[in-house]
Amino acid sequence: MKKFLLYILLILLSYLLYSNEDSKYIVAGVAIFLVGMNFMEDGFKLFSDGILEKLISISTNTIPKSVVFGVISTAILQSSSLIAIIVISFLSAKIISLSGALGVVFGSALGTTVTTWLVSTLGVKIDIAAFALPVIIFGVIFRFSKQKNIQGVGNILLGLGFVFLGISYMKDGFEELKHGFDLEQFSVDGYKGIIIYTLIGLVATVIIQSSSATLALTITALSTGQIMYLNAMAIAAGANIGSATTAALGAMVSNANSKRMAVGLFIFKGTTSFVTLFFLYYLYDLVNYISDFFGVNYDDWAIKLAIFHTLYNLTGLIIFSLLIPKLVVFLKKLFVEDVGTYISKLRYLDMEVVKVPFVALKATRKETIHLYDNATEVLSHAIMLHRHRYLDKLNIPLVVKESTDLIELDIDEFYQTRIKSLYGDIINYSTYFISALDDEEKVYLYGLRTACRDIAEAVKNTKELQQNISKYLSSNNEYIKSEYNFIREAIAKTLDTINKIKSSEDEIDVLSKSELLKVYLKSLDVIATGRIDVLIREKRIDKIMATTLLNDSAHAYTIINKLINVSKVLWIEDLTIKQLGEDYEAGKNLRKS
């Protein structure tokens, strides 16, 4: 789709530059403006250093907070696309709710009106090019700094300078065009003109991929008298629809949550724009009344367009903010996630998320937890237990003793289709954003990769264990049956403890529970505890049973040890607490030696 739009844009530019030499200033102005917006967006990504993403994660738990955040952040950053990218990333990774995401992007629509005010006041009323060059110079100087934050400031200044320069070029271009080619002759009265210019605004925004650029172009054309005010109002409404169309097209290839947000945004902007167009003449009179009240000159069309743009976005925001809960219910029915693919398919990793490394790291952690959840199913079935039978139960030994039914499970197939494939996808996905992480984040990602490997190896270690549990669970030898029940109990208690760890918000508690599991793990050592000697000496089990038990106890020990390490990686994010655990382990090993 984007390639198709690019070809259309190139053809239109070629024709425009060939047919009218004066249009080159306008085209150059739009291009410079877009470059400026892109620089500003990149600058804020560097400058924020993850702060913006963290703010979004804590500012979307209620609809009012998310709406206010959307307005303020877009007004400051001057980039609704940057906000949209981050919000879609959070939503795709299921870190924020759909209602919170909708609140941010709805608020973002009002935040974009700041661009309209900037162009209407500074852009067309003063020689803005005089400010552009000094800002660009300082931007270039800061951009060559080795510090990421200063580079970000440099990009922001460069972007601002190019935006100013682009507006100046567009303004001069329309002034020049006016002498040889008057666009006003194409103005159309009545609703016919409204429809035509709405389509122009829509198409221009879809092709340019920026409603801000479309509005900047419209305001500069309006200020030089190239188009009528009513037609400019229609273009502004069309640009609003165009920006929603672009977002919808981009998100339709993503997951269900992204599709929901895209359709929600399209409903919001589309409905607001259509209602605005229907009542356009009444709004025309209302804007005139507001302008007179605040002392705006009758012929100051640029300011009037800014008032109009703000008025209809504010009205739409107020109405739709109240409708978000109902809209969420509708969207969830419209796009239903395929719960049947829960086990074998990725749930949180989406290529849209990679654009925001901070969120991609969070998504990778959630997908690793998903991998662990898959592994607990195969581990439970391998020891002939169902998770619902023992998780959160008080008497796990009794549950284990009473659970004697054999569970048929092909561990090789389960490993290949549900563990190895997810493991490979997680590792592959992390390669796309690892270079954008800071050193601390890279260390955490390496920990997640290690956890994935430990989960996969834990599952592989259950194959031989499963066969022998199945064999000895139906044995007439109560001693060997008791030993294998003890192994089953140990793995079940480990999985149950980790299940409790998952819901704990106290990372010190997570560490202490993990260390207690390490202590409990010692009871599995049939050699150190002396149990194997008693069993052999008193001829309670034969040599083959003894050898098998020794091997399986070692397998169970390895499985539990790996699961404990996984729990520390996944549920202890504080590096200080994690280091405390590592120091404790190192101290124990030193005392042993």
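The values are calculated or read from the model by the stated rules, or taken from the named source; none is laboratory data. Please read these numbers as outputs of a predicted model, since none were measured by experiment. Cβ: placed from backbone, ideal geometry, glycine included. Neighbour counts: every protein chain shown. Accessible surface is based on the protein model in full, side chains and every heavy atom, while ligands, DNA and RNA are left aside. Shrake-Rupley method; radii C 1.70, N 1.55, O 1.52, S 1.80 Å.
General observations
- Hits in the range 341-365 - residues which are in a helix (DSSP H, G or I), modelled with pLDDT under 80 and open to solvent by 70 Å² or more (accessible area, probe 1.4 Å): 355
- Scanning the range 500-526 for residues that are under 31 Å from the mean Cα position of the chain (by Cα), small (Gly, Ala, Ser) and not in a loop (DSSP other than H, G, I, E, B) gives a single hit, 514.
- Scan the range 288-317 for residues that are free of Cβ contacts under 8 Å to residues at least 60 places away in the same chain and surrounded by 12 or more Cβ atoms within 10 Å (Cβ to Cβ) and the total you get is 8.
- Residue match in the range 369-391 (condition: farther than 21 Å from residue 461 by Cβ, of a type in the set (Lys, Arg), part of a helix (DSSP H, G or I) and more than 25 Å from the chain's Cα centre (by Cα)): yes
- Matching helices (runs of 4 or more DSSP H) fully within the range 84-196 where at least 3 residues are modelled with pLDDT of 85 or more and among the β-branched types (Val, Ile, Thr): 113-118, 129-143
- Some residue of the range 506-520 being closer than 22 Å to residue 471 by Cβ, of a type in the set (D, E, K, R) and surrounded by 18 or more Cβ atoms within 10 Å (Cβ to Cβ): no
One line per residue, one yes/no per condition, for (1) among the β-branched types (Val, Ile, Thr); (2) open to solvent by less than 60 Å² (accessible area, probe 1.4 Å); (3) not in a helix (DSSP H, G or I):
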| site | (1), (2), (3) |
| --- | --- |
| 483 | no, yes, no |
| 488 | no, yes, no |
| 498 | yes, yes, no |
| 547 | yes, no, no |
| 558 | yes, yes, no |
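- Residues that are exposed (fewer than 12 other Cβ atoms within 10 Å of the Cβ) and within 21 Å of the chain's Cα centre (by Cα), drawn from the range 397-438: 428, 431, 435
- Residue in the range 466-481 that is aromatic (Phe, Trp, Tyr), within 26 Å of residue 502 (Cα to Cα) and in contact with a helix residue (DSSP H, G or I) (Cβ under 8 Å, 6 or more places away or on another chain) present: no
- Near pairs, Cβ below 6 angstrom, 6+ apart or cross-chain, from the range 488-506 (within 17 Å of residue 461 (Cβ to Cβ)) to any residue that is surrounded by 22 or more Cβ atoms within 10 Å (Cβ to Cβ) and among the aromatic types (Phe, Trp, Tyr): 492/390
- Any hit, the range 448-456, residues being open to solvent by 70 Å² or more (accessible area, probe 1.4 Å) and modelled with pLDDT under 90: no
- Residues satisfying the stated conditions in the range 318-340, i.e. loosely packed, with under 13 Cβ neighbours inside 10 Å, basic (Lys, Arg) and either touching a Leu at 6+ places or on another chain (Cβ under 8 Å) or modelled with pLDDT of 90 or more (or both): 326
- Extreme residue, nearest to residue 462 (Cα to Cα), among residues of the range 521-533 that are hydrophobic (A, V, I, L, M, F, W, C) and open to solvent by 30 Å² or more (accessible area, probe 1.4 Å): 527
- All positions within the range 534-544 that are crowded, with 16+ Cβ neighbours inside 10 Å and either outside any helix (DSSP H, G or I) or modelled with pLDDT of 90 or more (or both): 540, 541
- Filter pass, residue 291 being touching a helix residue (DSSP H, G or I) at 6+ places or on another chain (Cβ under 6 Å), closer than 18 Å to residue 107 by Cα and polar (S, T, N, Q): no
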